[in-house]
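**Q** Here it is: the structure, laid out below.
Just so it is clear, none of the values below were taken in a lab; they were calculated from the coordinates. Treat the numbers as computed from the prediction; the structure is a model and nothing was measured. Because the Cβ atoms are built from the backbone with ideal geometry, glycine has one as well, and the counts that use them run over all protein chains shown.
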Amino acid sequence: MAVWCMWQRFGSDSIQCTSYHKWVRKKCSGINGSMYKVMRSFICTGCLNPVISTGHTSVDIGASANLEVVDKFCYLSDMLSVDEDADAAVEARIRSGWNKFRQLVPLPLLTIRDILLIRRGRLHSSCVRNSMLHGSETWPVRKENEVALQRAEMRMVRWMCDVKVKHRVPSKELRERLGIDNGTSSPG
């Protein structure tokens, strides 16, 4: 998961690791719910799963400041990694899309039958899809990433249409019902 956020000042959405005394933002910490319940015993994922590297663990940038070398980290709600692929970013954006979807389900804007399917599709496109594809123009996308994004969106589409996989309704038909084009995971 995420290791550290590279920020100097933190707000109320941050928690300090009791082991290494580094500050971690809530969205990068893996904490669900209240941070106050785990504040005294929180150990970050960097301490639980330390980075095993043969090279340097920190870089001196002068002015008595060091940067820790990590494999990946959370920056502006996006996962950046040293790998030359977008797997971590795609996983994070899919999680973000599901979070946005779950925020809209209880209202219940995406699942209530009184709202037309076309309107649900527009709401999905403007909120959930934008959240899933935010920053995707910079990803080096592979076919597996596209498939992961399409699968996540189709699960949401089936949920909005109240159609199970066993009903064997084609994805194209469900997208047409909602007025959603098929260009979901084509970043850029």
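**Q** Taking the stretch 52-134, which GluC sites (Glu not before Pro) meet the DSSP loop condition and have no more than 12 other C-beta atoms within 10 Å?
**A** Passing both the DSSP loop test and the Cβ count: 84.
**Q** State, to one decimal in nm, how far the label point of residue 122 lies from the label point of residue 21, with both points 7 Å from Cα in the Cβ direction.
**A** 5.6 nm
**Q** Counting other C-beta atoms within 10 Å, which of 127, 161 has the fewest, and how do the rest follow?
**A** The most exposed by this proxy come first: 127, 161.
**Q** Tell me which trypsin sites (Lys or Arg not before Pro) from the stretch 72-116 have a DSSP coil assignment and no more than 14 other beta carbons within 10 Å of their own. If you can, show how the numbers build up before the last one.
**A** Numbers: sites: 72, 93, 95, 100, 102, 113; in loops: 113.
Listed in order of number, the matching sites are 113.
**Q** Given 5 Å bins starting at zero, what is the percent of C-alpha pairs of the stretch 83-178 in each, up to the one with the largest pair distance?
**A** 2, 13, 24, 22, 18, 12, 6, 2, 0, 0
**Q** In debye, nearest 20: dipole of the stretch 61-144 around its Cα centre with unit charges on the Cβ of K, R (+) and D, E (-)?
**A** It comes to approximately 840 debye.
**Q** Next question, about the same structure. Choose one of 139, 89, 160: the residue whose Cα lies farthest towards the positive end of the charge dipole of the stretch 83-178 (beta-carbon charges +1 Lys, Arg; -1 Asp, Glu; about the Cα centre).
**A** 160
**Q** In addition: Order these by the 10 Å Cβ neighbour count, fewest first: 27, 172.
**A** 172, 27
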